[in-house]
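The values are calculated or read from the model by the stated rules, or taken from the named source; none is laboratory data. Bear in mind the structure is a predicted one, so any value in this text is a computation, not a measurement. Counting neighbours? That spans all protein chains shown, and the Cβs are built from the backbone with ideal geometry, glycine included. For accessibility, only protein heavy atoms count, side chains too; no ligands or nucleic acids. Shrake-Rupley method; radii C 1.70, N 1.55, O 1.52, S 1.80 Å.
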Amino acid sequence: MTPYGKGPIHQDLPRTADLVVIGAGVVGAAAAWFATLAGLRVVVVDRGAIAGGTSGAGEGNVLVSDKEPGPELELARYSRQVWGEDLGGYGGLWEFERKGGLVVASTPAALGALRTLAARQRARGVVVREVSGDELPALEPRLTREAAGGALYPQDAQVQPMLAAAHLLRLARQRGAVVRTRAEVVGFLRPGGRTGSPATPGGDTATPGGGMGAPAGDMGAPAGGMGAPGRDAGVPVTGVTTPHGTVSAPAVLNAAGTWAGAVAGLAGVGLPVLPRRGFVLVTEPLPPATVRHKVYAADYVDAVASSDAELQASPVVEGTGGGTVLIGSTRERVGFDRRPSPAAVRALARGAIGLFPMLASVRAMRVYAGFRPYCPDHLPVIGPDPRAPGLWHACGHEGAGIGLAAGTGKLIAQALTGEAPELDLTPFAPERFERGGADEPRGT
Amino acid sequence: MATDRPTYDVAVVGAGPAGLSAAVGAAEAGLDVVLVDAGRLPGGQYWRHDDEHSTPPRSHGGRLFARLRARLHHQRDLGRLRYLPGHQVWLIDRPRPDGGPFTLRLNGPYETAPVERDRVRARALVLCCGAYDRQLPLPGWELPGVMAAGGVQALLKGHRAVAGRRAVVAGTGPFLLPVATGLARAGARVLAVCEANPAHGWLRHLDGAVRAPAKSAEAVRYAALMARHRIPYRTRAAVTEILGEDRVRGVRIDGGEVLEADLVALGWGFTPALELPLMVGAATRRDLDGSLVAVVDARQRTTVPGVLAAGETTGVGGAAPAVAEGRLAALSLAAAHGLPVDPRTVRRLRAAIRHGRAFAAALHRTYPVPDGWTDRLTERTLVCRCEEVTYGELCRARTDLGAEDPRTMKLLARPGMGWCQGRICGFAVAAVTASLTGRPATAEDLRPLSARPFAAPVTLGELAEMVDEDEEP
């Protein structure tokens with residue numbers, strides 16, 4: 001007695017659409033939702049499952065506190081507003097919680113640096129309140145008493161990112177969008193019948209689980225390096241080819257996350273999106289309000305901004321609705337290696353205990369790895385690609401993709417429908433790496 | 001201080017029939033062995049007993065166990081085998097991924113020598129991790145008084161405790177019989193053994209049984225015991241619902257008849273514990289009985305160099321092939337070390353394994369988990385008890401949110417995310433997800449619910465104190 005029918009729920013691919021979104025993660029889902037809302041006929045395809053890549057392997061951060069003033073902070077503020085306002089009515093579906101971030105400095109020197117950053121952020125419109133060492137216990141009773149002080153960021157929030165992606169896609173489907181998982185884009189339609197050749201042999205869509213479940217090295221390293229020959233440079237993209245059919249569309253959005261470089265490579269354009277591995281440790285369920293905010297150490301911002309290949313670890317500790325406590329986050333550039341690394345796990349545990357000594361006797365239930373898609377200048381890629389007209393990108397959000405997804409989706413929809421985007425997309429331009437705009441050399 | 005920490009030739013994980021045999025065999029062949037076991041006493045689940053001096057009954061291979069135990073103690077006394085009972089392996093890592101020794105991180109009791117309390121290092125592994133009861137959800141299965149058949153058995157064997165007075169034993173497979181007769185001998189009234197499959201007995205239905213005369217004798221003995229205790233054996237009889245408010249009051253059979261009972265023991269076969277094989281990256285496959293098992297070759301080698309597996313880890317087959325496989329794994333390691341191995345012994349072991357596995361295959365074919373068991377689930381039936389996820393919620397995660405594989409199901413509806421990390425509901429979630437999407441469950445469905453980053457509970461404090469082998473001189 002199954003209350004809902006059985007069998008595959010695959011929707012057939014239509015032959016045409018206004019927009020094809022590649023990637024059913026949270027960025028693709030947000031773009032699909034806002035584009036559908038703007039009246040576009042949208043098709044979403046993913047080689048794996050819904051939220052099967054980085055969206056399913058993070059903590060659900062919607063943070064403004066960890067960004068230095070600059071384009072990313074502007075995008076973060078904008079996106080936080082979209083999460084809270086445009087999507088605010090749906091927040092319950094994906095456990096949107098305005099819990100606030102508490103950044104903790106362990107030494108007077110670190111507190112001084114935190115105050116300086118806070119002042120610069122405040123000048124850019126971030127709400128931040130300085131917290132003295134004496135005030136910390138009232139905010140976080142279980143926090144170490146060793147801390148010198150901190151800063152409270154009430155705008156910091158949290159979502160359950162897999163639910164956010166899945167519900168945004170459900171809402172888009174209700175308005176007519178078509179979502180097809182296990183449909184890998186193996187080529188692009190180009191005028192004159194040319195299609196891009198696959199970066200890897202096509203037809204490996206049978207790889208179950210796609211994204212997260214795929215073994216390391218599946219789909220290879222992101223292929224779209226700077227040295228891509230640009231064989232098809234300048235030739236428009238007019239649709240996609242998948243093993244389940246071809247969809248013609250005037251716009252194709254690359255929201256393939258960590259694999260976005262490979263998708264760009266398929267279109268003959270270079271996009272230096274690389275994986276940066278992160279682990280998140282999950283504890284046994286603890287009593288409610290054991291950890292009340294997103295609590296992290298002041299050196300987290302440095303780790304986020306760092307380009308070192310080595311293991312970076314600074315603790316981010318937060319509770320969840322289910323009672324478990326999530327402990328992020330490490331960052332290291334090791335390609336697509338998913339095996340738990342004792343050094344990373346140890347660093348997470350040490351950092352968390354440093355902030356909350358009571359966690360030492362709490363049991364860990366699991367640890368998971370995700371691959372954050374990052375660009376050499378640590379900025380996402382958002383907007384049309386002039387090197388392949390018709391191809392758009394929304395990728396490279398690194399560890400901030402959940403928080404930045406809502407704003408990214410809305411901006412993409414504005415630009416696609418010819419509206420002026422509410423935020424200048426120039427800093428996120430896909431071709432910026434061609435003109436030597438990248439701050440740092442890439443490579444692992 | 002840590003510099004003289006030994007690197008063993010082999011670490012055997014598990015001291016059940018396969019692990020005991022592997023550890024003793026490897027030590028006797030001349031290898032340095034460490035045997036790590038979660039149990040306080042050797043023997044595993046099959047040879048569970050209640051104190052150091054007792055043995056399991058003779059009918060259960062008690063003499064074989066007693067011999068293996070004596071050899072274990074002998075090798076330990078000679079200093080060739082280090083035996084670590086009461087230790088759980090929670091992580092295995094290999095600092096140099098494609099070679100070099102493995103580090104096994106342990107949770108041990110505090111009386112153990114400090115240097116080995118937290119970890120051991122070994123150049124090869126024999127994983128003999130055993131199996132636990134396979135559970136299938138059905139309406140009311142979460143009520144107090146409903147137990148896994150193996151749990152009922154463990155209480156009887158390990159603590160001589162009876163879990164109820166009026167019992168129904170239900171599910172499928174020959175394991176229901178010792179549970180029923182054990183309960184009856186301990187004083188409970190067993191109202192019925194409900195066998196979901198049509199099979200009556202092993203003798204009539206199993207070609208494979210001809211080649212396992214010991215097993216046939218066992219079947220005859222159980223049949224006699226069932227008769228003596230006047231336990232009705234009902235075939236094609238499935239418990240479709242468990243009745244009760246705050247505890248079990250009875251069971252409904254095939255949607256009709258009600259038997260009033262205060263204990264329901266459910267057994268649907270076994271699920272091998274695959275955490276460690278998956279953790280080291282060994283290839284796995286779906287066995288005849290639907291369980292995920294480690295792939296091994298004719299020398300018990302998994303697909304990962306230096307990692308061998310034996311017993312239920314490679315397919316549920318019972319103690320007899322497990323003992324032979326453990327021994328073969330030991331000889332295979334000895335041969336790899338250039339030690340002499342008698343080819344006749346190897347031939348004899350392979351023959352024993354072939355026979356044991358053929359018999360197990362016949363059992364799996366005779367007592368499958370019945371098709372369509374998911375049809376008994378209702379909107380409100382709990383599938384994942386830890387996170388209290390109902391069948392209805394799984395259905396909606398598929399139709400509304402697009403979850404079509406167990407991993408996505410887990411991320412969107414949370415089955416398998418709680419305390420047991422999918423140990424109890426993993427098989428069911430894989431089967432339900434596959435059935436909802438209109439296909440049979442595959443190994444790919446089972447893997448995400450069988451892999452666990454920590455194979456046993458570990459505190460953050462222990463994680464923080466983890467020593468990196470590479471940091472040592």
Quiz item: In the range A:27-87, which GluC sites (Glu not before Pro) are in a loop and have at most 11 other Cβ atoms within 10 Å, using DSSP for the loop call?
Solution: A:Glu85
Practice problem: Name the residues whose placed amide hydrogens come within less than 5 Å of the amide hydrogen of B:Thr284, ignoring near sequence neighbours (fewer than 5 apart) on the same chain. | Solution: B:Val295
Exercise. Express in whole angstrom the spacing between the alpha-carbon centres of the range B:145-195 and the range A:80-131.
Key: 58
Quiz prompt | Among A:Val64, A:Ala38, A:Thr54 the positive-end extreme of the charge dipole of the range A:20-158 (Cβ point charges) | solution = A:Ala38
Exercise. May I ask for the net charge around B:Arg249, where only other residues with Cβ less than 9 Å from the Cβ of B:Arg249 are counted and Lys, Arg are +1 while Asp, Glu are -1?
Key: -2
Practice problem: Report Rg/Rh for the range B:377-443, rounded to two decimals, where Rg is the Cα radius of gyration and Rh the Kirkwood radius. | Solution: 0.92
Quiz item: So which trypsin sites (Lys or Arg not before Pro) in the range A:345-437 pass both tests, a DSSP loop state and at most 10 other Cβ atoms within 10 Å of the Cβ?
Solution: A:Arg435
Practice problem: Taking the Cα centre of the range B:213-257 as origin, sum charge times position over the Cβ atoms of Lys and Arg (+1) and Asp and Glu (-1), and report the length of that vector in debye to the nearest 20. | Solution: 320
Quiz prompt | the range A:129-138 - phi-based ³J(HN,Hα) in whole Hz, Karplus 6.51/-1.76/1.60, Gly and Pro as x | solution = 10, 6, 10, 7, x, 5, 7, 4, x, 5
Quiz item: If we count every other residue with Cβ under 10 angstrom of B:Gln135's Cβ, Lys/Arg +1 and Asp/Glu -1, where does the sum land?
Solution: +2
Quiz prompt | Using θ = phi - 60° and Karplus 6.51 cos²θ - 1.76 cosθ + 1.60, couplings along the range A:71-78 (whole Hz; Gly, Pro as x) | solution = x, 5, 5, 4, 5, 5, 5, 4
Quiz item: About its Cα centre, how strong a charge dipole does the protein assembly as shown have in debye, to the nearest 20, once Lys and Arg get +1 and Asp and Glu get -1 at the Cβ?
Solution: 3340
Exercise. Place a +1 charge on the Cβ of each Lys and Arg in chain B and a -1 charge on the Cβ of each Asp and Glu, then give the dipole magnitude about the Cα centre in debye, rounded to the nearest 20.
Key: 2020
Quiz item: Under a straight-distance cross-link criterion of Cα-Cα below 19 Å, which aspartates and glutamates are reachable from B:Lys410, leaving out those fewer than 8 residues away in the same chain?
Solution: A:Asp46, A:Glu59, A:Glu95, A:Glu284, B:Glu275, B:Glu379, B:Glu387, B:Glu388, B:Glu393, B:Asp400, B:Glu444, B:Asp445
Quiz item: Percent of accessible area on the range B:33-81 owned by carbon and sulfur, 1.4 Å probe?
Solution: 47
Quiz item: With the solvent-accessible surface defined on protein heavy atoms using a 1.4 Å probe, which residues belonging to the range B:400-415 display a reduction of at least 30 Å² in accessible area in the multichain context relative to the isolated chain?
Solution: B:Asp400, B:Leu401, B:Gly402, B:Glu404, B:Asp405, B:Arg407, B:Thr408, B:Leu411, B:Leu412, B:Arg414
Quiz item: the range B:35-86: which trypsin sites (Lys or Arg not before Pro) are DSSP loop and have at most 14 other beta-carbon atoms within 10 angstrom?
Solution: B:Arg40
Quiz prompt | Pairs of alpha carbons in the range B:269-417 whose separation is greater than 28 Å (percent) | solution = 37
Self-check item: Longest DSSP-loop-exposure-free segment, chymotrypsin sites (Phe, Trp or Tyr not before Pro), chain B, at most 15 other Cβ within 10 Å
Solution: B:111-418
Quiz prompt | Amide H partners (placed H, <5 Å) of B:Val190, local residues excluded | solution = B:Ala167
Self-check item: Karplus-derived HN-Hα couplings along the range B:389-400 (A = 6.51, B = -1.76, C = 1.60, θ = phi - 60°), whole Hz, x at Gly and Pro
Solution: 9, 8, 4, x, 5, 5, 4, 6, 4, 6, 5, 8
Practice problem: Looking at the protein assembly as shown, send over the antiparallel percent of its DSSP beta bridges, to the nearest 5. | Solution: 60
Quiz prompt | Amide proton proximity set for A:Leu253, modelled H, under 5 Å, gap of 5+ | solution = A:Val20, A:Val21, A:Ile22, A:Trp392
